[in-house]
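First the structure, in the form of structure tokens, and then the observations on it.
Since every read-out is calculated from the coordinates, none of them should be taken as a lab result. This structure is a prediction, so every number in the text was calculated from the model and none was measured.
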Amino acid sequence: MPLLAGRWVTGVLAFLAALSLATSLSNADAASARTGAANVALKVADIHGVPVLTDARGDTLYWFAPDSPTASHCYGTCAAYWPPVVGTLAPSTGIVGSFATLKRSDGATQVTYNGHPLYTYVGDTAPGLANGNRIDLNGGWWYEMKVTA
């Protein structure tokens, strides 16, 4: 009987873990969609000697190699690790380069820079970090968004 009870507990715990992950991802997608109406303020910061695009808080922005100028390929668990920069760009950023937006499949508007949809990375726990630069994760390579001169 103890073996059967142990399997039952293991099964219940596995189910609860899966349910928790699904709820987290659903909440992350809903949060992304809600923030779609906000103005996005961007700036440039020197991170490890390189001028990099950041959000208003100073978090490094990234681009995903599989994306195109008109489509993001980062959804679900990918977007949980790499939250897209959604909303409309605040006027007069003063940053050289081409800004635009694209519509995500969830209806949110994502900001792009020089043809690359923009993301932050949950592994950057403070402004000025670039832990997501040059890593192969969630189906492709990620790079910090360097600012054109």
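Amide H to amide H under 5 Å from W141: which residues, 5+ apart in sequence or cross-chain, H placed 1.01 Å off N in plane? Those qualifying (amide H under 5 Å, at least 5 residues apart or on another chain) are A65. Quick one: in the stretch 56-149, what % of C-alpha pairs are over 15 Å apart? So the portion of pairs separated by more than 15 Å is 57 percent.
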